[in-house]
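Q: Take a look at this one; I'll ask things after.
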Amino acid sequence: SVGIRIIGTGYDVPETIVTNEDFAKIVDTNDEWITTRTGIKTRHIATGQTLGYQIGARAAQMALNDAGISIDEIDLVIGTTCTPDYLTPSLACMVANELGAKKPACVEINSACAGFVYALDMAKRYLSDDDYRNVLIVSSELLSKMTDYEDRSTCVLFGDGAGACVVTKSDDPFVSELGSDPSGNKFLFARGVEPGNPFSKEPFNPESDGFAKAAPHKLHQDGREVYKFATRAMPSAVKAACEKANIDPDELDWVFSHQANARILETAAKNLKVPLSKFYMNIADYGNMSSACIPVCMALAQREGKLVRGQKLCTVGFGGGLVYAAAVFEW
Ligand code: ACO
């Protein structure tokens, strides 16, 4: 079966950096709490006129340059986001147009923080078909616009950013373990546009389906439940993917995990008996950028000279849905 190889990476983040001290000025919190509970020190936040597809396009162009190919050689653009600028057109179409693409297939995936790993899996499945040569994955998130800055338990966690990569066919194996626990959908959500029209008899009640009261369009999280899910689902997805790849987790050279909380990664590393040093981490500087975390980590690791061809990688994401996804392949 056809595998994949990542031949180019890129990333982009908004300029403004917000520190833990900045949060202490707007909610009842402090640097010590945020650092010890989450590992986050600063995050980039979009201010002014910046939109997600614009930073996504910059990350994508960087990935194309890195791969040394033109947008015309891309047959499919996969956008991943749970914070789209437009409900339609999709992130993929918006980025494709920014890059001057003529006619690529374009599709958007919303698997929250697992979106990038779902996109890698989807790329592999398309690339196993002769019609597709190269796939551009762009993961862009402006969590800040969906963050409730009056809720101290969530607002300190999130940052904005975009990561991208160019994926091509390879004989190297690629295996994945995708799944969900949809019964946990109420633990992490943001409402979309509410129904309502001139024929409605009464205004829509957003809590009619049993989801908690939350500020309109803002992320609501039961942090403890999500934490429990993440510490259970993440290592078990990594184990399952490694089993399919016929390797032990300790044979991995790198784990590129979703960056939700440094403590989740520490717990998973212990559970998997993989040294924490093999978990690439950028959470201290970027916070949780949902589906953009993993491709930004990979782009940074590559530029730091930490990725060497032939290394065995695991990418693993988990988040709203609740969903999880892990993939094992070679750099
Ligand atoms: N500053 C100070 N105190 C705070 C803050 C804050 N920023 N936030 C919460 N607290 C308080 C709480 O009010 C609580 O006080 P109380 O005991 O008086 O009620 C106390 O700290 C402990 O709160 P907990 O929620 O139990 O804290 P916990 O140690 O669980 O940490 C956290 C909270 C960091 C959110 C953690 O639960 C977590 O990381 N959960 C997982 C998040 C995650 O993985 N999300 C992933 C998906 S994101 C996506 O898909 C977009």
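The values are calculated or read from the model by the stated rules, or taken from the named source; none is laboratory data. Please read all numbers here as calculations on a predicted model, not as lab measurements. Every residue, glycine as well, gets a Cβ built from its backbone with ideal geometry; the counts of neighbours run over all protein chains shown.
Q: Which condition number does residue 215 fail, the rest of (1) assigned to a loop (DSSP other than H, G, I, E, B); (2) touching a helix residue (DSSP H, G or I) at 6+ places or on another chain (Cβ under 8 Å); (3) within 16 Å of the ligand (Cβ to nearest atom) being met?
A: With respect to (1) assigned to a loop (DSSP other than H, G, I, E, B); (2) touching a helix residue (DSSP H, G or I) at 6+ places or on another chain (Cβ under 8 Å); (3) within 16 Å of the ligand (Cβ to nearest atom), residue 215 is out only on (2).
Q: Identify, from the list 108, 141, 194, 202, the residue that is within 30 Å of residue 44 (Cα to Cα) and assigned to a loop (DSSP other than H, G, I, E, B). Can you show your working first?
A: On the way: 108 fails: assigned to a loop (DSSP other than H, G, I, E, B); 141 fails: assigned to a loop (DSSP other than H, G, I, E, B); 202 fails: within 30 Å of residue 44 (Cα to Cα).
Exactly one of 108, 141, 194, 202 is within 30 Å of residue 44 (Cα to Cα) and assigned to a loop (DSSP other than H, G, I, E, B), namely 194.
Q: In contact (Cβ under 8 Å) with a residue 24 or more places away in the chain, of a type outside the set (A, V, I, L, M) and surrounded by fewer than 20 Cβ atoms within 10 Å (Cβ to Cβ), is that true of residue 144? Even if it seems obvious, please write down each step before you answer.
A: Details: in contact (Cβ under 8 Å) with a residue 24 or more places away in the chain: yes; of a type outside the set (A, V, I, L, M): yes; surrounded by fewer than 20 Cβ atoms within 10 Å (Cβ to Cβ): no.
So residue 144 does not fit the description; no.
Q: Just give me the residues in region 1-46 being surrounded by fewer than 16 Cβ atoms within 10 Å (Cβ to Cβ), of a type in the set (S, T, N, Q) and at pLDDT 95 or above, in sequence order.
A: 16, 19, 30, 35, 36
Q: When region 60-113 is examined, which residues are found to be polar (S, T, N, Q) and within 16 Å of the ligand (Cβ to nearest atom)? Give the derivation first.
A: Of region 60-113, the ones polar (S, T, N, Q) are 61, 65, 70, 80-81, 83, 88, 90, 97, 110-111.
Correct list: 80, 81, 83, 110, 111.
Q: Only one of (1) touching a strand residue (DSSP E or B) at 6+ places or on another chain (Cβ under 7 Å); (2) in a helix (DSSP H, G or I) is not met by residue 72, so which one is it?
A: Of everything listed in (1) touching a strand residue (DSSP E or B) at 6+ places or on another chain (Cβ under 7 Å); (2) in a helix (DSSP H, G or I), residue 72 misses just condition (1).
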